[in-house]
Amino acid sequence: MTNWYDRNCEHPYPSYDTADVIAKAGNISVDQVKKWFSNRRLRLGNTKNIKVIAKRRKRAHDDILATESLMSDCKRARSVDFLSGALQSE
């Protein structure tokens with residue numbers, strides 16, 4: 001947990017999935033993982049306002065949506081290129 005915290009000290013709030021993986025690896029509950037991170041942030045004075053957390057999550061979600069959209073656009077473009085190449089070769 002310390003390693004994950006150190007690598008993510010800018011935003012030391014693991015997602016539920018990350019906490020679940022950590023919990024399984026350490027043979028502890030997700031609640032224990034969440035409490036450990038909470039205590040660690042408090043001890044180090046690295047707490048964030050709930051609005052800051054919400055903004056960061058929204059920005060990350062928006063980035064994921066934008067990436068998915070770009071990937072979809074690229075797939076469509078490749079399909080069009082493939083089809084137009086196939087039609088030209090006929």
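The values are calculated or read from the model by the stated rules, or taken from the named source; none is laboratory data. Keep in mind it's a predicted model, so treat the numbers as computed, not measured. Here the Cβ is made from the backbone with ideal geometry for all residues, glycine too, and neighbour counts use every protein chain on show.
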Please count how many residues of region 26-55 are assigned to a helix (DSSP H, G or I) and surrounded by 11 or more Cβ atoms within 10 Å (Cβ to Cβ).
16
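To keep it simple, each residue is scored yes or no on (1) of a type in the set (S, T, N, Q); (2) out of contact with any Leu (no Cβ under 7 Å at 6 or more places or on another chain); (3) modelled with pLDDT of 90 or more.
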position: N3; (1), (2), (3): yes, yes, yes
position: R7; (1), (2), (3): no, yes, yes
position: E10; (1), (2), (3): no, yes, no
position: Y16; (1), (2), (3): no, yes, yes
position: A23; (1), (2), (3): no, yes, yes
position: G26; (1), (2), (3): no, yes, yes
position: V33; (1), (2), (3): no, yes, yes
position: R40; (1), (2), (3): no, yes, yes
